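The values are calculated or read from the model by the stated rules, or taken from the named source; none is laboratory data. Predicted model only: the values in this text are computed from it and were never measured. Cβ placement follows ideal geometry from the backbone for every residue including glycine, while neighbour counts extend to all protein chains displayed.
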Amino acid sequence: MRSSQPEPDTVPFNVHRQHEDDRGPGCIRIDVGRDEHQRSVASLRHLRREVDIFLLPNKVKLESCTKVYIIGEWNFSCDFSACGRDELEASEPWVIVDKLEHFEEGEKHKLTWDSKQTKAAEEEEWKEGIGLISKVTESMKNLRELTWVSTLPFTESMWGVLPSSLTKLVLDVSQPVGLDNTDEKRESYLLQSAMKPLVNFTKLEELRIFGMHDSFQAVIWETIYRNEAEGEGIRILDLAMASRPLIRDVGWLKAKRVEGLRVPKDVDRSYK
C-alpha cells in the first residue's frame, strides 16, 4: 500500500485520490450520500444503518482502525419542494415527525408544523448525522487521522470526541453550520471561535483547512506554535479561503483628457 502522504507535497489535495492511497484494514470510510452499491440514498437513514448496524457492533475494527474519512453529499430526507412558497418563507420551520426506521429507497419523512421549533429541519438532520459520526470517532481508540470533506458540515461539537493526539486533520469548512429561519434561512458558517479547540491538537504533522469563511489565522498560528510533533512538527500546512481575495485588477483603463485632479489635504486640527 502506498504512503498516505502526497508525493510531492505540493500536489493539490484530492480526497478521492488520498482515500485510494489509504484504503485498507486500518481505514474507515463513511460516504454520507451513497450506499455500498454507489447509489444515491437519503443520508440520515443510510448513516443510521451504517453506524448502528455495521460499525458500532464491530468493536475490534473500531479499535484497530487509525484513519477515518467522512465524504460525500448529504441528501436530506425531507422533500421541501412539496411545501408551498408561503410555508417555506414563514418564520417557524417545518420539522420532521413520524421518523421512518425502514431503509428502503424512496421513503420520505412526513412534515408537520411546530410553532415551538426554532431550528430548521436541515439543522436537525445535520445534528443527528454528526451525532452518529461522533459515536464512531469516539469509539476509535487509536484514531490518528481524520479527513472530513463532505456537505455534512463539520461543527464545533466534534472537537470533544476527537483525540488531541491526531497526527493528520483535513477539514472542509465551506458548508453552512446553521440556517436562520427568521431571515429566509440565511446561512451561518464556522467561526474562528469555534476553531479555538484546534490549538489543543499538538501532535499534528499535517493540517489542511479548506473553504474558510472567517480568518482562522490566530488559531492556526497558535496551533503551530504549540506543536510538539516529533521531527519537523507540522510538515504540511494547507489553507484555503472560501472566496478569492480582493485584489487590484491589472487591466484598468487609462484615463484620457483629465483636466485636473483634486486631492484633499490632511489638515492638523487642534482639539479642545
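Among GLU73, GLU89, GLU101, GLU7, which is at pLDDT 95 or above and acidic (Asp, Glu)?
None of the others qualify; the one that does is GLU73.
Which of the residues that make up segment 206-256 are over 18 Å from LEU190 (Cβ atoms) and in contact (Cβ under 8 Å) with a residue 40 or more places away in the chain?
GLU206, ALA229, ARG235, ILE236
Of all the residues that make up segment 181-207, how many are surrounded by 19 or more Cβ atoms within 10 Å (Cβ to Cβ) and within 18 Å of SER165 (Cβ to Cβ)?
Qualifying residue count for the region: 6.
Got a sec? Which of LYS185, LYS203 is in contact with a Leu (Cβ under 6 Å, 6 or more places away or on another chain) and touching a residue at least 24 places away in the same chain (Cβ under 8 Å)?
Of LYS185, LYS203, the one residue that is in contact with a Leu (Cβ under 6 Å, 6 or more places away or on another chain) and touching a residue at least 24 places away in the same chain (Cβ under 8 Å) is LYS185.
Tell me the residue from THR151, THR147, THR167 that is of a type in the set (Ser, Thr, Tyr), modelled with pLDDT of 95 or more and either more than 12 Å from the chain's Cα centre (by Cα) or over 25 Å from GLU50 (Cβ atoms) (or both), please.
Testing whether each residue is of a type in the set (Ser, Thr, Tyr), modelled with pLDDT of 95 or more and either more than 12 Å from the chain's Cα centre (by Cα) or over 25 Å from GLU50 (Cβ atoms) (or both) leaves just THR167.
Restricting attention to segment 223-239, which residues are surrounded by 14 or more Cβ atoms within 10 Å (Cβ to Cβ) and either among the acidic types (Asp, Glu) or part of a strand (DSSP E or B) (or both)?
ILE236, LEU237, ASP238
Suppose we filter segment 154-169 for residues that are part of a loop (DSSP other than H, G, I, E, B) and either β-branched (Val, Ile, Thr) or at positive phi (or both); how many remain? Even if it seems obvious, please write down each step before you answer.
Residues of segment 154-169 part of a loop (DSSP other than H, G, I, E, B): 154-155, 162-167.
This time we only want the ones that are either β-branched (Val, Ile, Thr) or at positive phi (or both), so: 155, 167.
Of the residues in segment 154-169, 2 are part of a loop (DSSP other than H, G, I, E, B) and either β-branched (Val, Ile, Thr) or at positive phi (or both).
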